[in-house]
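What follows is a single structure, written as structure tokens, with notes after it.
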Amino acid sequence: MPSAETMEENWVGHIRRIHHDKDEAAFAELFRHFAPRVKAFLIRSGADAALAEECTQDVMATLWRKAHMFDPSRASVATWIYTIARNRRIDVLRRQRRPEPEDLPWGPEHEPDQADVIAMQQEAERLGQAIAELPQKQRDLLARAFYGELSHSEIAAETGLPLGTIKSRIRLALDRLRHAMG
Amino acid sequence: MTATMGTIRHHLTDETLLAYSAGTLPEAFALVAASHLSLCDECRARLGAFEAVGGATLTSVGTAEMGDASLERTLAMIRGTPGDPDPAPRRSAGTLPIPLSDYVGGDVDAIRWRPVGGGVRQMVLKTGDEATARLLYIPAGEAVPEHTHGGMELTMVLSGAFSDEVDRFGPGDVETADPTIQHQPIAEPGAPCICLAATDSRLRFRSWIPRLLGPIIGI
Ligand SMILES: [Zn+2]
């Protein structure tokens, strides 16, 4: 069983293969791993099984169409898929628009720094471990917050997770991007 | 005067960013968050960290079996479809950040102001009804009527500046006020202050506007 770190490295490679080669085998592997998780997420957020299945297919199709927009120096593959699934949930289940910040475009001309990509993969793994080590009660609370079971006023920021380094990593990547964009 | 990176002193709170990353923030508040995030890389990076928790949660909590034909069906959806074109960069050239000008239908000159008394003007934006978003125009040196609120209030300065009992707020700054705060923002002399405010229940004005008028003018 490969470690989470090499798994994430692996998934970044899959997205790249989808982007560059329209690689259906890479897509199928990503689908088998992530689609059941996205579906569980949507069911827990209040969708029935049929709606969750349909939305999951949309989410995975979006991943195919937007593969060139994924920036592995700013997010892990799981995080990127989470944001796509979350936005779909807001559209379909909450029936609201989601105002999005202005874009920071990331095309092939701004190929992310490989060291940044690896650092982000390591941070994502460290965060996963830290969450796995949380007491059950706190882990449940986190899951409920991100699965949409808590209202915005019930959500309290968690402390003790290694978020500071992830934030600094993303900040660094943004600074570089701003610099590259002039 | 518009906000520039590095001049922002008042940021989104952890609670607001966490709720935005979880997708549970009412649309009106999400509009304030997206507007601030457009100007603030510091908060954008903090948001990325919270979203990483969402991603880790997705990985660690449960699976639900997909139907037998789901992969084939999805492949049929995508097969032969080109990737989405790179989105035209959504970068504002005006005073309003893009997420906000999307709701206004243009920049500052497209705002349809309505007077609410004392020279103060507002435009209520169309959002989901869990909370209300409005643009406020406060003439230089004038005050927004003193008010308390039943719920949370997020106010972001778009141009000009205001001060209240808490601090001074300039372009890009966000004030987060909970129900216990009673405050009276006053626009700085020299230029009018334009801000975006989201409230999750009716503002309750304590003076200036007769209580009965409140429901009629939509405050
Ligand atoms: Zn900020």
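The values are calculated or read from the model by the stated rules, or taken from the named source; none is laboratory data. None of the values given here were measured: they were computed from a predicted structure. Neighbour counts are summed over all protein chains in view; Cβ atoms, including those assigned to glycine, are modelled from backbone coordinates with ideal geometry. In case anyone asks, the SASA skips ligands and DNA or RNA and just uses the protein heavy atoms, side chains included. Shrake-Rupley method; radii C 1.70, N 1.55, O 1.52, S 1.80 Å.
Here A:LEU51 meets each of (1) more than 10 Å from chain B (Cβ to nearest Cβ); (2) open to solvent by 60 Å² or more (accessible area, probe 1.4 Å); (3) out of contact with any Pro (no Cβ under 8 Å at 6 or more places or on another chain) with one exception, condition (2).
In region B:30-51, the residue that is farthest from B:ASP14 (Cα to Cα) out of those that are more than 10 Å from the ligand (Cβ to nearest atom) and free of Cβ contacts under 8 Å to residues at least 24 places away in the same chain is B:ALA30.
Do you know which of the residues in region A:32-46 that are free of Cβ contacts under 8 Å to residues at least 60 places away in the same chain and open to solvent by less than 10 Å² (accessible area, probe 1.4 Å) is farthest from A:ARG94 (Cα to Cα)? That would be A:PHE34. Would you say B:PRO99 is within 16 Å of the ligand (Cβ to nearest atom), at negative phi and either facing chain A (nearest Cβ under 7 Å) or open to solvent by 40 Å² or more (accessible area, probe 1.4 Å) (or both)? The answer is yes for B:PRO99. Within region A:142-152, the residues that satisfy the criterion of being surrounded by 15 or more Cβ atoms within 10 Å (Cβ to Cβ) and either at pLDDT 80 or above or within 8 Å of chain B (Cβ to nearest Cβ) (or both) are A:LEU142, A:ALA143, A:ARG144, A:ALA145, A:PHE146, A:TYR147, A:GLY148, A:LEU150, A:HIS152. Among the criteria (1) within 15 Å of the ligand (Cβ to nearest atom); (2) over 14 Å from the mean Cα position of the chain (by Cα), the one B:GLY54 does not fulfil is (1).
Any chance region B:19-39 includes a residue that's more than 7 Å from every other protein chain (Cβ to nearest Cβ), closer than 17 Å to A:GLU102 by Cβ and open to solvent by 10 Å² or more (accessible area, probe 1.4 Å)? For region B:19-39, residues more than 7 Å from every other protein chain (Cβ to nearest Cβ), closer than 17 Å to A:GLU102 by Cβ and open to solvent by 10 Å² or more (accessible area, probe 1.4 Å): present. On the stretch given as region A:77-111, residues that are modelled with pLDDT of 90 or more, more than 12 Å from A:LEU42 (Cα to Cα) and not basic (Lys, Arg) total 9.
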